[in-house]
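Following: one structure in structure tokens, then a few remarks.
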Amino acid sequence: MVLYTAIVTARYADSPMPFLRRLPLLLGCLTLLAALPAGAVAVDGLYRARLDVVGKGEQARAEAFRAGLERVIVRVAGSSAVLQKPEIRKLLDAPAHFVQQYRYERIEDAAGSGTGDGAQQQAEEAAPTHHLVVTYAGTRIDRALRDRGVTVWDAQRPEVLAWVAVDDGRDRYILGADGDSRAHEVLRAAARERALPVILPLMDTEDRSRIQFVDISGGFLDAVREASRRYRAETLLVGHIQRRSGTWYGDWDLFGIGDRRSWRQSGSDLQAVVAGGVDGTTERLAAALAGRGGTHGTVRVKVEAVDSLEAYARVSRYLQQLVRVRSASVVSVRPGETVFQVKYKGHIGELERTIRLGETLRPVEHASAGESVLEPLLDNDAVGAAAAGDAPSGTDAPGPASEDAAGAASAPGAADTPATASAGAAPGAAGAAPATGDATPARPDQPAEPVDLVFRLVG
């Protein structure tokens, strides 16, 4: 890296373009960006379940193993409908086969006094006495699901910024990050259960000046998008929950996976409605983002209007944080544009759609001569020369390569209402910096290299 930076410094020290003169500084600074938070995060505890049990008996443990395995399968598949498949239900008949380790945690206040009447003592005896924490074998579960045609959604998942307005008949409020209401508790528990990274707005002075309760309840999405810009989230969930005549209703809208997805949930209690919003979000995200078929590919993406260090870093962070992007490294830098080599999972059309979801990059409709739009860049000598030392191995090899024949289960619940809308936030939250050690900054007089996708930086 040091040698590369020295070469770049010598080559561009006298460049008339300020951006190229400052490129070595950028290459050094990009390594620091890896420590900053990203829009897509790795979910912790995907294959772990914590269940309440009565005693340490074998039967109670076996039942807990099965219940925990159900939870893990739903998280990994991204859909509860998968449990209805006969071949999946057979897996649940031998849950211990997937258990890697387990431990008990004593519930301190579980033991009763033993001095109450018969009914009280009976209730105390039936109350959970321990938490059983079970860790399942992730590789074994993934293989079993794929062998049965189920798409596996890995731990890399998008953060969802949730704007939720609640009207309980007495108070009206928007859920904030520091809130402790019943709605807050239910939302966090539901998100944890489905392994969905949900963040709530701060609802500080700045948020309150930009958005009001009526903006969410009335569907004024422009205000929601404007308030979301500071969070730079890739995915938005907007919910309006209200109680009428003893029944709870929840209207939900999801932005960030193409067309706007809308659904309604109702129930006798708040928990069912809030959980319906989280479950519906997870089902739809998994169906759209989980890598169907396990295919991988590599493309070159040219981004125009990159004329400063700040713009360069913004594009790098944005590409790195996208769920479908496995890595993004710089191939060449020219005045006002940068070419990235992007390794992705899924299909090229899905990658393009994912890139254009936010308000950071806008597709250029007509590519210049020699540019092959939407054609994957296969593993060849040109790619190897451009990305020397960054060649993946095994299933990470560039180019589409089928890994499984998985298909996503359809999301349950009311049908989505399609309505074209873009993601509300301007992505670009800091993420892992792209590998730059093998990039080849192009001289201004060199011909442009062929690319597969062309975008323009917005703003």
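The values are calculated or read from the model by the stated rules, or taken from the named source; none is laboratory data. All of these numbers come straight from a predicted model, not from anything done at the bench. Using ideal geometry, Cβ is built from the backbone for each residue, glycine included, and neighbour counts are taken over all protein chains shown. Only protein heavy atoms, including side chains, enter the accessible area calculation; ligands, DNA and RNA are left aside. Shrake-Rupley method; radii C 1.70, N 1.55, O 1.52, S 1.80 Å.
Yes or no, residue by residue, for (1) within 27 Å of VAL53 (Cβ to Cβ); (2) in contact with a Lys or Arg (Cβ under 8 Å, 6 or more places away or on another chain); (3) open to solvent by 10 Å² or more (accessible area, probe 1.4 Å):
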{"position": "THR129", "(1), (2), (3)": "yes, yes, yes"}
{"position": "THR151", "(1), (2), (3)": "no, yes, no"}
{"position": "GLY169", "(1), (2), (3)": "no, yes, yes"}
{"position": "GLU185", "(1), (2), (3)": "yes, no, yes"}
{"position": "ALA190", "(1), (2), (3)": "yes, no, yes"}
{"position": "VAL198", "(1), (2), (3)": "no, yes, yes"}
{"position": "ASP204", "(1), (2), (3)": "no, no, yes"}
Positions within the range 70-104 being among the acidic types (Asp, Glu), free of Cβ contacts under 8 Å to residues at least 40 places away in the same chain and not in a loop (DSSP other than H, G, I, E, B), in sequence order: GLU70
Filtering the range 162-212 down to residues that are in a helix (DSSP H, G or I) and farther than 22 Å from THR281 by Cα yields THR205, GLU206, ASP207, ARG208, SER209, ARG210
Only listed residue being in a helix (DSSP H, G or I) and of a type in the set (Asp, Glu), chosen from ASP253, ASP279: ASP279
Here are some residues: SER266, SER316. Which one is more than 18 Å from ALA191 (Cα to Cα), in contact with a helix residue (DSSP H, G or I) (Cβ under 8 Å, 6 or more places away or on another chain), hydroxyl-bearing (Ser, Thr, Tyr) and not in a strand (DSSP E or B)? SER316
Of all residues being part of a helix (DSSP H, G or I) and in contact with a Lys or Arg (Cβ under 9 Å, 6 or more places away or on another chain) in the range 324-352, which is surrounded by the most Cβ atoms within 10 Å (Cβ to Cβ)? Just the residue, please. LEU351
Please determine, by comparing only the residues of the range 353-373 that are polar (S, T, N, Q) and modelled with pLDDT of 75 or more, which one is surrounded by the most Cβ atoms within 10 Å (Cβ to Cβ). THR360
Considering residues of the range 44-63 that are under 29 Å from the mean Cα position of the chain (by Cα) and buried (at least 17 other Cβ atoms within 10 Å of the Cβ) only, the residue nearest to GLU108 (Cα to Cα): LEU51
